[in-house]
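Asks: Before we start, here is the structure in question, set down as structure tokens.
The values are calculated or read from the model by the stated rules, or taken from the named source; none is laboratory data. What you see is a predicted model; the values in this text were computed from it and never measured. Counting neighbours? That spans all protein chains shown, and the Cβs are built from the backbone with ideal geometry, glycine included. Calculation scope for accessible area: heavy atoms of the full protein, side chains included, ligands and nucleic acids excluded. Shrake-Rupley method; radii C 1.70, N 1.55, O 1.52, S 1.80 Å.
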Amino acid sequence: MNSIDYMLRAIELAQKGRGFAAPNPMVGAVIVRDGRIIGEGYHRKCGELHAERNAFASLKESAEGAEMYVTLEPCCHYGRTPPCTEAIIENKISQVYIGSRDPNPLVSGKGAKILREHGIEVIEDFMKDECDRLNPVFFHYITTGMPYVTIKYAMTLDGKIAAYTGRSQWITGRTAREHVHSLRGSYSAVLAGIGTVIADDPMLNCRLENAHQPLRVVADSHLRISADSRLCRTAKEYPLLIACTSFDPQKKAALEEMGAEVVVLPARDGRTDLYELMRYLAKRQISSVLIEGGGEINEAALKSGAVNHVCAYIAPKLMGGKTAKTPIGGQGADSPDNAALLTNRRITVLGDDILLEYDIERGMCDVHGDN
């Protein structure tokens, strides 16, 4: 094995914290001596030990003079856990390879500086691109204070998310649907609009074994959700937050008795203001939101300026129908020049289906500032 292999192992370890580490970053660490891995670890869960300290805890021999490969700059401040720089110094590591630089102002460059001041050789930006791909959520959340928001939908090749009858199950195949569950498990929250909830009665949970369960969020301006919905009936098993702008006090009390949390937020154009909802979730340390709704909430989210990423699952089917629903509803952009612009295309083949991913370069309009 060589240095690249060791960092690849650290990246592999980091991914085990997907969903659980949030709002902290996913981080992996590997300790190497004489061409052997003698310790390794990752950040398992927010509030627990960081990757470096878990790697030291796994040691069966001294790490004095060893190298460490870590996907993110070691922390140097006291938070929920002590600084990792202290552990690296105390264990007499001689050389540290760092993948990503930490944009957190409490760390940014300070971790590497402290290590160098204690005579440790530091190699920064080692496999930086690969390590950066681990944490777009953390980088966005720590620098903007807002959740990283992804719109996800499944559609036919002619752009339909349901038949003209409203039936939408199933557009994509089993492989793609399983991938959606892994996607849900990597986000802090999953959001749907009340229209989707009424039409489809979804669960919005992750059905993979031992996976992280996201907070389920419904944008329901006038609290129309049924107490008999699967979301409400399972609110004590899987957390549920309902965001509204007005409500019947008796219904609110009944939903809360079932285990749901109901929060009242400002309205925009007669509906729950999604930008304000994202601000509220950010204050709750929800660092990422996956929107799994219909065309109306997708358009509202794009126009709010809150969306960062798009995941489009495309099935090799042609549905047709001029009234059949499409992924982005509402009035839409008034010209191609004002359409949302996408960048950084990624393509994944999932059985007979294709997943297209893009980052948002510019939203449909600048309601709350630049997109």
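Asks: Whole Å is fine, so just give me how far the alpha carbon centre of the range 126-194 lies from that of the range 224-238.
Replies: 22 Å
Asks: Taking 51 Å as R0, compute the FRET efficiency from the Cβ-Cβ separation of ASP269 and ASP5 and round it to 0.05. Working shown, then result.
Replies: Details: r = 53 Å, r/R0 = 1.04.
Approximately 0.45, to the nearest 0.05.
Asks: What whole number of Å gives the distance from the Cα centroid of the range 243-282 to the Cα centroid of the range 56-76?
Replies: For the range 56-76 versus the range 243-282, the Cα centre distance is 46 Å.
Asks: Give the residue list of GluC sites (Glu not before Pro) in the range 247-338 that are DSSP loop and have at most 16 other beta-carbon atoms within 10 angstrom.
Replies: Working: sites: GLU256, GLU257, GLU261, GLU276, GLU292, GLU296, GLU299; in loops: GLU292.
Filter output for the range 247-338: empty list.
Asks: Count neighbours as other Cβ atoms within 10 Å of each site's Cβ, and list the GluC sites (Glu not before Pro) in the range 1-55 that are DSSP loop with at most 16 such neighbours. Don't skip to the end; give the middle numbers.
Replies: Values: sites: GLU12, GLU40, GLU48, GLU52; in loops: GLU48.
In loop regions of the range 1-55 (DSSP not H, G, I, E or B), the sparsely surrounded GluC sites (Glu not before Pro) are GLU48.
Asks: For the chain, take the convex hull of the Cα atoms, compute a quarter of its surface area, and give me that in nm², please.
Replies: On the way: hull surface 79.8 nm².
Directional mean of the projected Cα hull area for the chain stands at 20.0 nm².
Asks: May I ask you to rank GLU178, GLU124 by accessible area, largest first, using a 1.4 Å probe over the protein chains only?
Replies: Working: GLU178 100, GLU124 45 Å².
Most to least solvent-accessible, the answer reads GLU178, GLU124.
Asks: Measuring from centroid to centroid over Cα atoms, what is the spacing of the range 294-362 and the range 1-40 in Å?
Replies: 34 Å
Asks: Amide H to amide H under 5 Å from VAL149: which residues, 5+ apart in sequence or cross-chain, H placed 1.01 Å off N in plane?
Replies: VAL289, ASN308, HIS309
Asks: In the range 258-360, which trypsin sites (Lys or Arg not before Pro) fall in coil by DSSP and have 13 or fewer other Cβ atoms within 10 Å? Intermediate results must be reported in sequence, preceding the final value.
Replies: Working: sites: ARG268, ARG271, ARG279, LYS283, ARG284, LYS303, LYS317, LYS322, LYS325, ARG345, ARG346; in loops: ARG284, LYS317, LYS322, LYS325.
Passing both the DSSP loop test and the Cβ count: LYS322.
Asks: Once the Cβ-Cβ distance between ASP352 and ASN210 is put in as r, and R0 is 30 Å, what FRET efficiency do you end up with, to the nearest 0.05?
Replies: Numbers: r = 28 Å, r/R0 = 0.94.
It comes out at approximately 0.60.
Asks: Would you mind checking LYS45/LYS110; LYS16/LYS303; LYS152/LYS317; LYS16/LYS128 for any pair whose Cα atoms are more than 27 angstrom apart?
Replies: Values: LYS45/LYS110 24 Å; LYS16/LYS303 34 Å; LYS152/LYS317 18 Å; LYS16/LYS128 19 Å.
Exceeds cut-off: LYS16/LYS303.
Asks: Mind listing P(r) for the range 63-129? All alpha-carbon pairs, 10 Å bins, whole percents.
Replies: Final binned percentages: 23, 58, 18.
Asks: I want to check the label-to-label distance for HIS77 and ALA163. Put each point 7 Å from Cα in the C-beta direction and report it in nm to one decimal.
Replies: 5.6 nm
Asks: Can you give the Rg to Rh ratio for the range 135-236, taking only C-alpha atoms and Rh from Kirkwood?
Replies: On the way: Rg = 15.1 Å, Rh = 15.4 Å.
Result for the range 135-236 is an Rg/Rh of 0.98.
Asks: Please compute the modelled spin-label separation between ARG36 and GLU64, points set 7 Å along Cα→Cβ, answer in nm with one decimal.
Replies: Rounded to a tenth, the inter-label distance reads 1.7 nm.
Asks: Right, here's the next one. Counting heavy atoms of the protein chains only and a 1.4 Å probe, report the per residue accessible area for the chain as a whole number of Å².
Replies: Here the residues of the chain average 47 Å² of exposed surface.
Asks: Oh, and also: Whole percent per 10 Å bin, from 0 to the bin with the longest distance: what is P(r) over all C-alpha pairs of the range 134-186?
Replies: 20, 37, 26, 17, 1
Asks: While we're looking at this one, here's another question. Can you tell which of LEU350, LEU13, LEU302 shows the greatest fluctuation in a Gaussian network model of the chain with Cα springs below 10 Å?
Replies: Maximum among the listed residues: LEU350.
Asks: On to the next question. Rg and Dmax of the range 1-122, using alpha carbons, in Å: what are they?
Replies: Radius of gyration, then largest Cα-Cα span, for the range 1-122: 12.8, 35 Å.
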